[in-house]
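Just below is one structure, and these are the notes that go with it.
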Amino acid sequence: MDPRRLSLNQITVNSWSLEQAVAGCERHEIGAIALWRDKIADAGLPRAAKLVRDAGLHVSSVCRGGMFTDPSADPGAVLDDNRRAVEEAAELGADALVLVCGPLVDGDLPAARARVRDGIAALLPHAAAAGVTLGIEPLHPMMISARSVVVSLAQALDLVEELEPAHPGHLGVVVDAYHVWWDPALEQQLARATGKVLGYHVSDWLPRTSDLLLDRGMMGDGLMDLPRLSAQVAATGFDGPVEVEILSSHWWAQDPDDVLRLVRKRFEESV
C-alpha cells in the first residue's frame, strides 16, 4: 500500500492524548488521523480542530455515532448525542462520521434493527445540512451483544440503498477488514458497494485470538489476505486514507513510537 494513504486511527495508540497522537503523526510522517470522540472531548473541540489543522493532518473519520438500539434509552437523547457527533465531524472536516449501530439488548433482533434504520433516517437530514457523510460500519457477528446488530456488509448496504437517496452523497459504508474478512459473500458485496465505500480499516486476525475486542493483530501477523482485500476495496472506487485500527492489549502495552514504526513498515509490506 502506498504509504501516503496511511491514516492513524487513534485507538491504535490508545494511551496517547490527542496532542500526543498528532505529534506522533508528525514525527512518523503520517498525513491523516482518525479521531475518537473521547479524545476530542478531553482536548476540547476547538483545540482538537486547531491541533489537526496546524499539523496539516487530514481527518479520515470521527468515531463514533450510532448506538441506536437500547429500547430503554430516550430516542431524543440518542439523537441529540448523534447530532453533536455530526457537529464534531463537521468542525474537524472529517471524511465520515463512523456509525457503530448498537448491540442487541433485549433479545428482539428485528426490533433492534428497526431502531437502527429509524435512527439513521432521523440523523441523516442533520448530517446533510452540516455537510457530513455517515458511514455505517458492519461489525463481526461476535460483537452483536456488545456493539452492533449490523453484522455484514450486505446489511449495511441494504440500509444505504434504502436511506441514501433522500440525502444523496451523505450515507455509505465503512469496510473494516477485521469485521468483514470472514464473509463468504464479501467479494460479491464489495462489487455491490461500488461508489459507496467511505473508509477502509486494516489490522489482522490472529490464529489464536484471545479476546473478542482487544486482541487484533498487526498487519502481516494473522490470517487475512490483506493485499487481495485491498484490491477489492480499490475496485469499488475508494482511493482515500486507509486507517490502521488495532485494538490490542498487547500493542497498547508497547512504546507507541515503536508501534508506529512497525505500523508504517507493515502498511507498505502487508496491506
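Computed from the coordinates by the stated procedures, all read-outs in this text should not be read as laboratory data. Just so it is clear, the model here is predicted, and its values are computed rather than measured. Note that we place each Cβ from the backbone using ideal geometry, even for glycine, and neighbour counts take in every protein chain shown.
At a glance:
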| item | result |
| --- | --- |
| Long-range Cα-Cα pairs in the chain (distance over 28 Å), rounded percent | 30 |
| Amide hydrogen neighbours beyond the local backbone of VAL242, cut-off 5 Å, H modeled | LEU6, SER7 |
| The chain: antiparallel DSSP beta bridges as a percent of all, rounded to 5 | 5 |
| Tail beyond 20 Å, pair distance distribution of the stretch 42-129 (Cα, percent) | 40 |
| Dipole magnitude of the stretch 188-260, debye to nearest 20 (Cβ charges: Lys/Arg +1, Asp/Glu -1, about Cα centre) | 520 |
| Estimated dipole of the stretch 134-266 in Debye, rounded to 20 [Cβ of Lys and Arg +1, of Asp and Glu -1, Cα centre] | 220 |
| Top positive-direction residue, dipole computed over the chain with Cβ charges, set GLY240, GLY222, SER148 | GLY240 |
| Spatially proximal lysines relative to LYS39 (Cα-Cα < 20 Å; intrachain offsets below 8 disregarded) | LYS50 |
| ³J(HN,Hα), Karplus 6.51/-1.76/1.60, whole Hz, each residue of the stretch 251-257, x for Gly, Pro | 6, 5, 7, 8, 5, x, 5 |
| Derived scalar couplings ³J(HN,Hα) [the stretch 34-39; Karplus, 6.51 cos²θ - 1.76 cosθ + 1.60; whole Hz; x for Gly, Pro] | 10, 9, 9, 5, 5, 6 |
| Residues ASP158 and TRP182, FRET efficiency given R0 of 25 Å [Cβ-Cβ distance, rounded to 0.05] | 0.85 |
| Loop-located chymotrypsin sites (Phe, Trp or Tyr not before Pro) in the stretch 1-78 whose Cβ has at most 15 other Cβ within 10 Å (DSSP) | none |
| Built amide H within the under 5 Å cut-off of ILE136, gap 5+ | LEU99, GLY172, VAL173, VAL174 |
| For the stretch 7-47 and the stretch 140-160, distance of Cα centres in Å | 27 |
| Residue of GLY199, GLY31, GLY237 that the Gaussian network model of the chain assigns the largest fluctuation, springs spanning Cα pairs under 10 Å | GLY237 |
